[in-house]
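I have placed the structure first, in the form of structure tokens, so that the comments after it can refer back to it.
A short reminder: the numbers here are calculations on the coordinates, not readings from a lab. Keep in mind that this is a model prediction, so the values were computed, not measured. Here the Cβ positions follow ideal geometry from the backbone for every residue, glycine too, while neighbour counts run over all protein chains shown.
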2 protein chains.
Amino acid sequence: MAFTFWRKLRTSTMKFKIAILGAGNVAWNLAPALEDAGHVITEVYARDIASAEQITDRVYAGEPKDDLDFSASEAEIFIMAVKDSAILEIADEIILPEESILVHTSGSVGLDMLNYSSATYTGIFYPLQSFTKGRKIEFDEVPFLLESDDEETLQKLKKLAKSLSPMTYAVRSKDRKAMHIAAVFASNFSNHMIRIAEEVMARQGLDFEMLKPLIIETISKSLQLGAKAAQTGPAIREDYETMEDHYRFLSYNEGFAEIYRLISQDIVDS
Amino acid sequence: MAFTFWRKLRTSTMKFKIAILGAGNVAWNLAPALEDAGHVITEVYARDIASAEQITDRVYAGEPKDDLDFSASEAEIFIMAVKDSAILEIADEIILPEESILVHTSGSVGLDMLNYSSATYTGIFYPLQSFTKGRKIEFDEVPFLLESDDEETLQKLKKLAKSLSPMTYAVRSKDRKAMHIAAVFASNFSNHMIRIAEEVMARQGLDFEMLKPLIIETISKSLQLGAKAAQTGPAIREDYETMEDHYRFLSYNEGFAEIYRLISQDIVDS
């Protein structure tokens, strides 16, 4: 408890008034975390007011809103936590007070999407994590990727991020795209590999629980030793007999068989 | 400590004398674990004696051997923890005492590979985990997949496995193959996805550490909710613009680009 108190003091040097735009998975996690770090949530916008209330219910003082006129808002930073396809529309429509900073939280949308907004300053405030409503994320383990054309804005975003997490990085849009692609492989695609494994097991009436310890050990080893050193299995051994046997077994599902062939080939080649 | 003692008592009802054939990652982990569970390691065989000694050094009483004449051995169970390609040769050459049980520890080799051995009984004793020398595995979280044509042998293997882990399954060769394929996807292929992510990051000079919290959260969520419910990213959103953009970005590596296209398609289709 003492440590927590000290941490709060330490990070309390700069407090912001913040409006949240959006009521999805990121907003659900981010709004209370910002408040816990000592910032003030002034408003939460969502297209329908009930969704906005889902988020304001989680904080002390935020007001729910379903219109984009923020001309009377006391907020300095406006965080758009909406899906990629909604960023441009909201950026264009929102009415912001003077000297405000508008940021989005997307890993794949460029800074230029905010060019025509009424914001004085723009930036990106991207928490690199997979968020789900109802599943609390510890923000002190979330890397924040930050970008702005304005140096003072970048410093403010850095202070804001630092109040949540020790891991903050200034990352240009081009690098952020590479990182998003890497995240698709490391996260979405490795998850899909588990999905295929679930289906192969289920088809045979086998209990997927059997595979869980192996998956946990594999990923732990991969993150500890690096994926190259951690690799095992028929492809890295160049055991073509087993690979052909597996490929034939998978012939009932062309997609699975082709994925098996292609990834095995890439492991052999690498 | 009291609990540990009780556990040892509970599992002490049947002790075996066991010879280990092989000195690799499985043997390195399995030999001391068997001894800890109260069994006796009589011999450890490896083609060269120094390798066998690496394993006998880890146990109280096992004798290192570099020949396959076990006619004078006191062991009842002979565990072949060798690579798949060596199983047939060792099974053919080994000289075993009467009434002995010969098993292998492979996920992908059938029981019939042991047909021509001198063993009275044969079986499979497959610990479904990824083993590395120097990295201790807690066996009580390792599922054991067992098989034998002889019911009494199967019961003995079950007792042996139960002395190491609460998770034991009798699995037929055909199901074991399906499970091995599922393990290739869930383990080797998800590891390769992390490998590709490492390379995409490194090429851009980005710190891979940034991605680790995301990977840990993704896999935790996948194992908790199931991979289908846990999926996120451009493919499941059918965000073709982002996918095309990523595909173009990856054009410097044809293998990566093709893997991106194929897995994304499979996620969209599923």
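For the range A:177-269, give the magnitude of the charge dipole about the Cα centre (Cβ charges: +1 Lys/Arg, -1 Asp/Glu; no others), in debye to the nearest 20. Before the final figure, lay out the partial values.
Details: 9 positive and 14 negative charges, 84 e Å.
In total the dipole reaches around 400 debye.
With each pseudo-label sitting 7 Å past Cα toward Cβ, what's the A:R237-A:K83 distance in nm, one decimal?
Between A:R237 and A:K83, the label points sit 4.4 nm apart.
Whole-Hz Karplus ³J(HN,Hα) for the range B:156-166, in order, using 6.51 cos²θ - 1.76 cosθ + 1.60 and θ = phi - 60°, x for Gly and Pro?
Per-residue couplings from phi come out as 5, 4, 5, 5, 4, 5, 4, 6, 9, 8, x Hz.
Along Cα-to-Cβ, 7 Å out, sits the label point; list in nm, shortest first, how far the one on B:S71 is from those in the other copies.
Sorted ascending, the copy-to-copy spacings read 10.3 nm.
Treating only the Cβ atoms of Lys and Arg (+1) and Asp and Glu (-1) as charged, compute the dipole magnitude of chain A about its Cα centre; round to the nearest 20 debye.
Charge dipole, chain A, about its Cα centre: 940 debye, nearest 20.
Using helices alone, I'd like the mean residue ellipticity at 222 nm for the protein assembly as shown: each DSSP H run of four-plus residues gives -39500 (n - 2.57), total over residue count, nearest 500. Could the numbers behind the result be given before it?
Numbers: 22 runs with 240 residues, N = 540.
After summing the helix terms and dividing by residue count, I get -13500 deg cm²/dmol.
Could you give the dipole magnitude of the protein assembly as shown about its Cα centre, charging the beta-carbon of Lys and Arg +1 and that of Asp and Glu -1, in debye to the nearest 20?
Numbers: 56 positive and 84 negative charges, 304 e Å.
Dipole about the Cα centre, nearest 20: 1460 debye.
Any idea what the A:L262 label distances to the other copies are, label 7 Å down the Cα→Cβ vector, nm, shortest first?
Output for A:L262: 0.5 nm, nearest copy listed first.
Near the amide H of B:A170, under 5 Å away, which other amide H atoms are found, from residues 5 or more places off or on another chain, if H is placed in the peptide plane?
Under 5 Å from the amide H of B:A170 lie the amide H atoms of B:L146, each far enough along the sequence or on another chain.
To the nearest whole number, what is the average tally of beta carbon atoms from other chains within 10 Å of the beta carbons of peptide B:254-260?
Rounded to a whole number, the mean comes out at 4.
Note the distances from B:S173 to each other copy's matching label point, with points 7 Å along the Cα-to-beta-carbon direction, in nm, sorted shortest first.
6.0
Kindly write out, for the range B:69-77 in residue order, the coupling ³J(HN,Hα) from the Karplus curve 6.51 cos²θ - 1.76 cosθ + 1.60 (θ = phi - 60°), rounded to whole Hz, with x marking Gly and Pro.
Each residue's phi maps through the Karplus curve to give 8, 9, 4, 9, 6, 8, 5, 9, 10 Hz.
How well do other chains shield peptide A:77-87, expressed as the mean number of their Cβ atoms within 10 Å of each residue Cβ? Walk me through the intermediate numbers first.
Values: counts 0, 0, 0, 0, 0, 0, 2, 5, 4, 0, 0.
What the average comes to for A:77-87 is 1.
Within the set of other residues whose C-beta is less than 10 Å from the C-beta of A:P97, count the net charge using Lys and Arg as +1 and Asp and Glu as -1. List each step's numbers first, then the result.
On the way: positive: none; negative: A:E74, A:E76, A:E98, A:E99.
Local charge sum for A:P97: -4.
Which of the trypsin sites (Lys or Arg not before Pro) across the range A:148-217 are loop residues per DSSP, with 14 or fewer other Cβ within 10 Å?
On the way: sites: A:K156, A:K158, A:K159, A:K162, A:R172, A:K174, A:R176, A:K177, A:R195, A:R203; in loops: A:R172.
Here the trypsin sites (Lys or Arg not before Pro) that fit, given the DSSP loop and packing criteria, are A:R172.
Look at the axis of the rotation that sends chain B onto chain A, then give the chain B residue with the nearest Cβ and the distance in whole Å.
B:S190, 2
For Cα pairs less than 8 Å apart in space and 6+ apart in sequence, what is the mean separation divided by the residue count of chain A, i.e. the relative contact order in percent?
Numbers: 399 pairs, mean separation 31.6, N = 270.
Contact order relative to length: 12 percent.
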